[in-house]
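The values are calculated or read from the model by the stated rules, or taken from the named source; none is laboratory data. As the structure is a prediction and not an experimental result, all values here were calculated from the model. Here the Cβ positions follow ideal geometry from the backbone for every residue, glycine too, while neighbour counts run over all protein chains shown.
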Amino acid sequence: MKFTLTFFFSLLLTPVFAQRVIGWLGAGPVASKVHGNLHPRIKLDKYDNPMVVWGDDAGKVWFAKWGGETFSQPVSLGPPASMVFTSSWAGPDIGAHGDTVYVVYKEMPEETGRIYIRHSYDGGLNFSAAEEVDTKGAYITRFPTVTTDETGNPFVTYMKSEKDDASHRYVVTRSTDLGESFKKDTMGSVQSGFNVCECSPAAYIASGNAGVLLYRNSFEGLRNIWAGVSNNGGISFNNGQQIDSTNFKPETCPASGPGGVIVGDTMYTVFMSGSRDRQFVYMGKLSLSKPSLSVAPLTGDIANVSTQNFPRIAGIGNAAAAVWTQTSGGNNFVCLSFTDALNVFGFPATYDTVAEGVMLNADVAIGGGYIYVVWEDQVTRSVMFRRGVYYKKKVMSENTSVLINQPAKGQKYFSVVMQNIVSCALIDATGNPIEMDISYPKNKDVCKVMIDDMEPGTYSVKIEDKDGRVYSAKLDIQ
């Protein structure tokens, strides 16, 4: 093999917010249309491999995992002898932390069916038997969702109603043994004082001791978004805050739930709201440590756009992506906004169009330098998947230099003479970043980057040090 490595440097002075570019790869189906396409939800395993769960018209729950080039053959996780509630706007949900994966669903019929959870401790290769989550009693339960805390323990939230379909409220139940059992549920929608919206799913966000239950309330025709706040890990909810100030009063039940992420002590919420004629995606910014709330349309008013709906948000550190569906000129679009400085700039007003056609619902995940989007496509009748590559663009110091030692014949690595390297990635011609193994065999000033498994071709090299300086290079492997 012959290796040619050339480094070049540039001074990046434009603010991070103006530098954002996503390189989108082609879209494709997660599975054949025979497996349905209802309400897809996506999470990542510890290696940032996407895992998708969705439902079909026959009431089945399907799970598939990315294998590097394609998704695995879907497996059914629902009860074999009964149906599961699934539609475009609500259905099975997935939560993950590392290799621990949870899937929850509501068994039909609604009046007597239970909420079940299945867990996997090996990244979705094997799942446990189904365990009941909701407590037995004279209740109707709906719309389960699941999330995890930093230890991998799950929280399940769901709607709970009396048998006469009255007194709707949202409750949260938690597990302290990785989903083997669940505590008695606690009411999270207590602070709003009224019935919750009977057709809108909720979401629970956990971060340390903070827990926030996001839900849509219902009072005299108003369908506003509220947050129930816990400061003891979901054991109780003693604080509440109305997030939505638009006084949304739709003619029909909106069937659209909120989503959120927590960065530091701030929760960022996305939700659909507006007037009867036009509905848009909003973002709320709520401080969990002091009374501070701001709410604004995510994109602002856009000409010829009549409706935005079904927003979802995912984040890692200060990077976050929000996805939603949008109607303009009789067509539907899947749209996405991205920032790598959510706590500083929020989201930009500009956005990417991920897909165009007829789609009803979408979801997003972020990790490993990728943004992953899945959506319910009504043309192909399948769950569609697309990923985009994003790069951190940070200010680089001027007059910096780094020494690259060319590999001798037969060597399976190149070495870099530079202190405090924290990451190195090779990016191939399709834009796929490949994180490389770095070692410091003798001292901290020289590191080795292994390349023995690399295919011949031209690669871009991105090296980042602990201070955020990014060095770019070109590597030709022959």
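Details
- Scanning the range 163-189 for residues that are among the basic types (Lys, Arg), outside any loop (DSSP other than H, G, I, E, B) and in contact with a Ser or Thr (Cβ under 7 Å, 6 or more places away or on another chain) yields one hit, Arg169.
- For Thr325, the test of being over 30 Å from Gly208 (Cα atoms) and crowded, with 21+ Cβ neighbours inside 10 Å is passed.
- Meets criteria (under 17 Å from Val156 (Cβ atoms), touching a Gly at 6+ places or on another chain (Cβ under 8 Å) and in contact (Cβ under 8 Å) with a residue 40 or more places away in the chain) for Tyr47: no
- Test result for Ser161, at pLDDT below 95 and more than 15 Å from Thr135 (Cα to Cα): no
- Take the conditions (1) at pLDDT below 95; (2) closer than 27 Å to Ser120 by Cβ; Ser175 misses just one of them, which is (1).
- When the strands (runs of 3 or more DSSP E) confined to the range 242-354 are screened for residues that are in the same structural domain as Thr145 (by TED's automatic domain parsing), touching a helix residue (DSSP H, G or I) at 6+ places or on another chain (Cβ under 8 Å) and at pLDDT 90 or above, those reaching at least 1 such residues are found at 259-263, 266-274, 305-316, 319-328, 331-339.
- When Gly124 is tested against (1) touching a Gly at 6+ places or on another chain (Cβ under 9 Å); (2) crowded, with 24+ Cβ neighbours inside 10 Å; (3) on the phi > 0 side of the Ramachandran plot, only condition (1) is not met.
- Ile205 vs. criteria under 18 Å from Gly274 (Cβ atoms), in the same structural domain as Arg312 (by TED's automatic domain parsing), β-branched (Val, Ile, Thr) and within 21 Å of the chain's Cα centre (by Cα): no
- Scan of the range 87-130 for residues that are closer than 19 Å to Phe143 by Cα, outside any strand (DSSP E or B) and touching a residue at least 24 places away in the same chain (Cβ under 8 Å), ordered by number: Ser87, Ser88, Trp89, Ala90, Gly91, Pro92, Met108, Glu110, Glu111, Gly113, Arg114, Ala130
- Among (1) surrounded by 14 or more Cβ atoms within 10 Å (Cβ to Cβ); (2) free of Cβ contacts under 8 Å to residues at least 40 places away in the same chain; (3) not aliphatic (A, V, I, L, M) - the single one Asp301 does not satisfy: (1)
- Answer residue from the range 7-56, given it is at pLDDT 95 or above and surrounded by fewer than 16 Cβ atoms within 10 Å (Cβ to Cβ) and is farthest from the chain's Cα centre (by Cα) among those: Val34
- Residue tally, condition in contact with a Leu (Cβ under 9 Å, 6 or more places away or on another chain), surrounded by 14 or more Cβ atoms within 10 Å (Cβ to Cβ) and either of a type outside the set (Phe, Trp, Tyr) or within 20 Å of Val53 (Cβ to Cβ) (or both), over the range 348-359: 2
- Ile421 meets all of the listed conditions (1) at pLDDT below 65; (2) of a type in the set (Val, Ile, Thr); (3) crowded, with 16+ Cβ neighbours inside 10 Å but one, namely (1).
- So Glu132, is it under 20 Å from Gly59 (Cα atoms) and of a type in the set (Asp, Glu): yes
- Those residues of the range 233-258 which are farther than 23 Å from Thr186 by Cα, among the polar types (S, T, N, Q), surrounded by fewer than 17 Cβ atoms within 10 Å (Cβ to Cβ) and touching a residue at least 24 places away in the same chain (Cβ under 8 Å), in sequence order: Ser245, Asn247
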